1. Check off (1) open to solvent by 20 Å² or more (accessible area, probe 1.4 Å); (2) closer than 20 Å to LEU342 by Cβ; (3) of a type outside the set (Asp, Glu); (4) in contact with a Leu (Cβ under 9 Å, 6 or more places away or on another chain) for THR455 and give me the number that stays unchecked.
2. Does GLU406 meet the test of being in a loop (DSSP other than H, G, I, E, B) and open to solvent by 60 Å² or more (accessible area, probe 1.4 Å)?
3. With respect to the numbered conditions (1) surrounded by fewer than 19 Cβ atoms within 10 Å (Cβ to Cβ); (2) under 19 Å from PHE232 (Cα atoms), which one is the sole condition not fulfilled by ILE261?
4. Among the residues of segment 238-257, which ones are open to solvent by 20 Å² or more (accessible area, probe 1.4 Å) and either among the aliphatic types (A, V, I, L, M) or in a helix (DSSP H, G or I) (or both)?
5. Out of segment 131-165, which residues are open to solvent by less than 10 Å² (accessible area, probe 1.4 Å) and either more than 10 Å from MET251 (Cβ to Cβ) or part of a strand (DSSP E or B) (or both)?
6. Do you know which residues across segment 437-449 are in a loop (DSSP other than H, G, I, E, B) and open to solvent by less than 10 Å² (accessible area, probe 1.4 Å)?
7. Can you pull out every residue in segment 261-282 that is assigned to a loop (DSSP other than H, G, I, E, B) and more than 15 Å from the chain's Cα centre (by Cα)?
Amino acid sequence: MADHRLSLCCCSLLLVFMVVGVAGKGEKIVLYLQKVGLGEERVSQCCLPKRSRREKGATILEVKHHSSCSTSFSTREDKLLKIIESDNSRISSLYHRIRSPKTVLSESQIPITSGAKLQTLNYIVSIKLGNNEMTVIVDTGSDLTWVQCQPCSSCYNQQDPIFNPSTSQSYQPIPCNSPTCSSVQIATGISSFCGTDQPSCNYSFSYGDGSHTSGVLGWEQIDLAGTIIDGFVFGCGQSNYGLFGGTSGLMGLGRTQLSLISQTILQFGGIFSYCLPPREYDSSGSLVLGGDPSIFKNNTPVSYTRMILDPPESPFYFVNLTGISIGAVALQASGFYNGKVLIDSGTAITRLVPSIYIALRDEFMRQFSEYLVAPGYSILDTCFNLAGLREVSIPTMKFVFEGGVEVDVDVNGMFYYVKEDASQVCLALASLTYEDEVGIIGNYQQKNLRVIYDTLGSRLGFAEETCGWL
């Protein structure tokens, strides 16, 4: 009998996009819309990111979207509502942490996968902790890597077996009186304290949206596609709740000392990158730990912009957004004068300050005026009726970052299809409420891009790449 943890199939109706031409010097892209039914069952292994390897000193991990392992959404509308609810909760948490960063709350390539089938709407990879394979969410907005552990006082359901530290010869609890324990709170703001019945270093972290993890900090061996890291500091979560559905936990890729990137700086030089798969189902990308650019399959040269280290102890990756172009038109908006934005792997829909979003919306609608307008959906207020059409001509969208770095948004990141028949197709961006809020470039607009994080060089790079398993 097949393992029920891996027996999920991909049964849904999807819209597939094929680029058939580019006109007007890249000002518009002509697309065919073809409705494809995917009703057949698929082998269980398709949904989880299992592939990994080492190459040229780098670790490469397969990345998939969480959706590829979930059949929990009855309709596309149901799924979109879940995305928006999840996004709103995450953004609330991010802003709380941005405002109060200290408030208690060799190269490796790992395949990245979408996480929707596991009822989390982020990207997931597989790693080994001790001798146990774990599926974890990739999160550039978090520091602590943690997994659910036995004994579990309050845990959500997950697909992989829950990690049992008592069976691992390489696991050690971190003592309460150790420098590591005291440095956790200093470095990250995560609450660490002594256990009541044991001299272990307990931790507790709230994400601000009701999600939380608490347990014991420990040292363990982590295996990243054959790169072995001994004494890796992680959270052994014994009470966990939130939007992590089906995964074992979370991989923290933030900037502080506790993150996986900082703990592997000798192996990977503080550099990592990802290429997010263009589709949520039957599609893979990659997470590369290390900086050798010859591993990438980018179609354009890598262009780097400066990271904004504000505040210096923040785990987040900020850059300056200096402009946006729709087709050949460069937008004019007051929000570009203070254009600090957060590049985030865990937020789906890009959020822009009102002045920039209104300028983008109005110009996009002007250039897309030949198509029927459809009602808005939740926070997505720029929607169209494309039902019955075989092809559409859409204006290109380009983000411009400090230093003149231009990043074209891939066609797969332009629209979200609320209705399966394309009668309600919405621009996949939304407006923030206030002009002084920090914009967020979400993962929906990062598809088919190689995004490179150079933490030691304090720079962030972009290159176009057809994302897949390298």
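The values are calculated or read from the model by the stated rules, or taken from the named source; none is laboratory data. Owing to the predicted nature of the structure, the values given are computational and were not obtained by experimental measurement. Using ideal geometry, Cβ is built from the backbone for each residue, glycine included, and neighbour counts are taken over all protein chains shown. With ligands, DNA and RNA removed, areas are computed over all heavy atoms of the protein, side chains included. Shrake-Rupley method; radii C 1.70, N 1.55, O 1.52, S 1.80 Å.
1. (4)
2. On the way: in a loop (DSSP other than H, G, I, E, B): no; open to solvent by 60 Å² or more (accessible area, probe 1.4 Å): yes.
No; evaluated as a whole, the condition is false for this residue.
3. Condition (1) is where ILE261 drops out.
4. Passing the criteria: only LEU243.
5. Hits for segment 131-165 are MET134, THR135, VAL136, ILE137, VAL138, ASP139, GLY141, TRP146, VAL147, GLN148, CYS149, PHE163.
6. To start, the set of residues in segment 437-449 that are in a loop (DSSP other than H, G, I, E, B) comprises 437-438, 442, 448.
Residue satisfying the conditions is GLY442 alone.
7. Initial filter on segment 261-282 (assigned to a loop (DSSP other than H, G, I, E, B)): 264, 269-270, 277-282.
Those that are assigned to a loop (DSSP other than H, G, I, E, B) and more than 15 Å from the chain's Cα centre (by Cα): THR264, GLY269, GLY270, TYR281, ASP282.
Conditions tested, residue by residue: (1) over 24 Å from LEU61 (Cβ atoms); (2) part of a helix (DSSP H, G or I); (3) modelled with pLDDT of 95 or more.
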{"residue": "ASP362", "(1), (2), (3)": "yes, yes, yes"}
{"residue": "ARG366", "(1), (2), (3)": "yes, yes, yes"}
{"residue": "GLU370", "(1), (2), (3)": "yes, no, no"}
{"residue": "PHE384", "(1), (2), (3)": "yes, no, yes"}
{"residue": "LEU389", "(1), (2), (3)": "yes, no, no"}
{"residue": "SER393", "(1), (2), (3)": "yes, no, no"}
{"residue": "ASP421", "(1), (2), (3)": "yes, no, no"}
{"residue": "VAL451", "(1), (2), (3)": "no, no, yes"}
{"residue": "GLY468", "(1), (2), (3)": "no, no, no"}
